[in-house]
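Everything below concerns the one structure shown next.
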Amino acid sequence: MSDIRPHEISVSGPVPDDARLQFIGRIHTPWNDRKDCPHQGKIDGPECRIEIFEPWDQALKGIEKFERIEVLYWLDKSRRDLVIQNPGHSEGTSGTFALRSPVRPNPIGTVIARLVSIEGANLIVRGLDCLNGTPLIDLKPDRCSFSPKSPPAR
């Protein structure tokens, strides 16, 4: 891969072969090109569809109780070799782990999305920031839904 910005550093890592993910669905968004995809999802962004494959569709039971869900997905079109990056919106460089860039050794994306509706094995959500056809790794209720409530102020 030769599209390295000034001051970025690329490494040759081992061929990834130790993770055995099973994609549980596919994400359908309006974006087919990375340059059109938002850098971070907005909760008022366009409606997108998360398709859940069988037999995992059964695992949706009870998800309607939650307003927001955490979506984990595999950034299958991302580079995996940069350790130092020069974000296009910045003059300086940062290490990959100090950025939310999709360029990562293990390109897992995560976003909190607002659940709009459920149509069979499809979730209609707002707030995604990935390309159309992105493989789905997992769904979880937003962790804030399980946070203990603060005691009343005295």
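FYI, it's all coordinate maths here, none of it is from the lab. In this text the structure is predicted, and so the values were computed from the model without any measurement. Cβ: placed from backbone, ideal geometry, glycine included. Neighbour counts: every protein chain shown.
Neighbouring Cβ atoms within 10 Å as the yardstick, rank 94, 12, 101 fewest first.
The fewest-first ordering by Cβ neighbours comes to 12, 94, 101.
For the range 1-75 and the range 103-137, what is the separation of their Cα centres, given in Å?
About 5 Å separates the Cα centre of the range 1-75 from the one of the range 103-137.
Please report how many Lys pairs in the range 1-126 have alpha carbons closer than 27 angstrom, counting only residues at least 8 apart along the chain or sitting on separate chains.
Counting lysine pairs in the range 1-126 gives 4.
Please arrange 68, 143 by how many other C-beta atoms lie within 10 Å of their C-beta, fewest to most. Walk me through the numbers on the way to the answer.
Details: 68 18, 143 10.
Least crowded to most crowded, the residues run 143, 68.
Please state the relative contact order of the chain as a whole percent: Cα pairs under 8 Å, 6+ residues apart?
About 37 percent, as a whole number.
Pick from 61, 42, 77: which residue has the top mean-square fluctuation in a GNM of the chain where Cα pairs under 10 Å get a spring?
Looking only at 61, 42, 77, the largest GNM fluctuation is found for 61.
Could you derive backbone 3J(HN,Hα) for the range 95-108 from the dihedral phi with the Karplus parameters 6.51, -1.76 and 1.60 (θ = phi - 60°), listing whole Hz in sequence and x where the residue is Gly or Pro?
x, 3, 6, 9, 10, 9, 4, x, 7, 8, x, 10, x, 9
Most exposed first by the Cβ proxy, i.e. fewest other Cβ within 10 Å, how do 15, 71, 83 rank?
Placing the least packed residue first, the sequence is 15, 83, 71.
At q = 0.19 Å⁻¹, what is the log10 ratio I(q)/I(0) for the range 1-96, with the Debye formula run over Cα points and no solvent?
So the normalised log intensities work out to -1.17.
How large is ³J(HN,Hα) for each residue in the range 38-50, as worked out from phi by the Karplus curve 6.51 cos²θ - 1.76 cosθ + 1.60 (θ = phi - 60°), to whole Hz, x for Gly and Pro?
With coefficients 6.51, -1.76 and 1.60, one gets x, 6, 9, x, 10, 4, 9, x, x, 5, 10, 10, 9 Hz.
Which of these, 17, 76, 129, has the largest mean-square fluctuation under a Gaussian network model of the chain (Cα springs below 10 Å)?
Of 17, 76, 129, the Gaussian network model singles out 17 as fluctuating most.
Using 7 Å Cα-to-Cβ label points, what is the residue 56/residue 9 separation (nm, one decimal)?
3.5
Stretched out fully, how many nm does the piece from residue 121 to residue 21 gain, at 0.36 nm a residue minus the Cα gap? Walk me through the numbers before you get to the answer.
On the way: separation 100, 0.36 × 100 = 36.00 nm, distance 2.03 nm.
Additional length available on full extension: 34.0 nm.
Out of 110, 96, 134, any idea which swings most in a Gaussian network model of the chain, alpha carbons joined below 10 Å?
Answer for the Gaussian network model of the chain: 96.
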